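So the structure is just underneath, and the comments pick up after that.
The values are calculated or read from the model by the stated rules, or taken from the named source; none is laboratory data. Not measured: the values here are computed from a predicted model. Every residue, glycine as well, gets a Cβ built from its backbone with ideal geometry; the counts of neighbours run over all protein chains shown.
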Amino acid sequence: MLRSLAPLLLLGLVACSDQGFTRLDNADVWIQEPSGAVDVLLIIDDSCSMAPHQAALGSSFAAFIQWFVTAGIDYQIAVVTTDGIDPSKSGRIQGEIMTPDTPNPEGAFTRAVSVGISGSRYERGLEMARRALTEPLISNENSGFLRDYAALTLVFVSDEDDKSPWPVHDYVHAFRDLKPQEERRILNASALVVDDVSSCPSSAQSSAQPGQRYMDVARQAGGVIGDICAQDFQDIAGQLGLNASRMRNTYFLSSSPNLATLQVSIDEEPIGCDEGVWRYEEALDRRTQEHLPAIVFAPDRVPPVGAQIVARYMDGVPNPDDFCRETS
């Protein structure tokens with residue numbers, strides 16, 4: 001990502017006004033560059049309350065995988081469960097590792113995430129992820145999944161909180177240690193969990209529990225937090241897939257803009273603020289947990305791979321009433 005190229009581009013960046021020309025302060029420039037290869041490990045709760053959630057996830061494969069296909073990513077997707085008691089599970093990949101060459105990938109995904117509901121109620125998703133990706137399993141039963149050159153995404157799926165023995169930050173460090181120091185940025189983790197018990201069906205509220213530890217990992221590792229009890233599972237699956245693929249729909253500005261001057265282009269083609277392609281918002285930066293000025297593209301209008309995105313604007317204090325109006 002190239003940011004704040006104003007020193008190089010300043011002379012050519014102007015905006016018309018009734019008084020003549022107004023020089024713009026900033027030009028933030030980005031390139032849509034997803035990872036070439038991604039390993040995705042889904043850690044799925046297999047306790048007795050999970051049947052409907054597994055079914056919903058299985059039916060959302062197209063929404064989850066669309067960004068990998070769009071970007072032509074060399075992906076691997078594998079599944080482990082949260083069960084640390086059954087020796088046939090306990091960090092061992094369940095079923096096949098899915099790749100772009102997998103026949104009938106939708107069916108394979110549905111089978112893989114349908115891990116059953118006979119697992120331990122003592123869910124240890126963080127520990128099972130660690131076991132799956134470290135010795136001895138990663139050189140034996142799980143051999144071939146963790147590739148040195150690939151980005152790594154973890155997706156925790158559960159309707160209860162994690163009960164692994166280590167503090168959360170120890171697991172985050174362990175996951176980052178799977179990659180060389182200079183490549184730790186290529187790890188992210190997401191959580192599809194209960195955020196608010198009241199959002200779950202009344203019949204499920206007695207067993208549901210906020211996934212605080214999983215959400216903590218997601219916040220520290222730049223991932224998505226989704227509500228497992230949400231009605232629109234396709235939308236959440238799409239968000240998870242977008243994050244896992246490293247395709248981006250959110251671009252953070254280098255400073256606060258005067259919204260009346262904000263202009264956006266893709267590959268030098270101006271995109272009007274009224275075209276439904278992008279919007280301005282104070283978006284959450286998942287790595288810093290701060291809300292920062294950003295342009296956000298609609299889910300169906302994400303810039304394609306290799307596209308150059310440019311935001312030009314004058315510095316100022318963002319006023320929502322100024323957005324999408326002509327400079328005066």
Worksheet item: Can you find even one residue in region 271-293 that is at pLDDT 90 or above and within 30 Å of Glu106 (Cα to Cα)?
Response: yes
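Taking strands (runs of 3 or more DSSP E) that do not extend beyond region 227-328, which have at least 2 residues that are surrounded by 14 or more Cβ atoms within 10 Å (Cβ to Cβ) and either under 17 Å from the mean Cα position of the chain (by Cα) or not polar (S, T, N, Q) (or both)?
Hits in region 227-328: 250-252, 263-266, 278-285, 290-297, 308-313.
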Fill in: Odd one out for Asn188, checked against (1) surrounded by 15 or more Cβ atoms within 10 Å (Cβ to Cβ); (2) not assigned by TED's automatic domain parsing to the domain that holds Trp67
(2)
Worksheet item: Only one of these conditions is not met by Ser198: (1) touching a helix residue (DSSP H, G or I) at 6+ places or on another chain (Cβ under 8 Å); (2) part of a helix (DSSP H, G or I). Which number is it?
Response: (1)
Worksheet item: When you go through Lys179, Lys163 one by one, which is the residue that is assigned by TED's automatic domain parsing to the domain that holds Cys48, under 19 Å from the mean Cα position of the chain (by Cα) and not in a helix (DSSP H, G or I)?
Response: Lys179
Worksheet item: Which of the residues that make up region 133-158 are buried (at least 24 other Cβ atoms within 10 Å of the Cβ) and under 20 Å from Thr99 (Cβ atoms)?
Response: Leu152, Thr153, Leu154, Val155
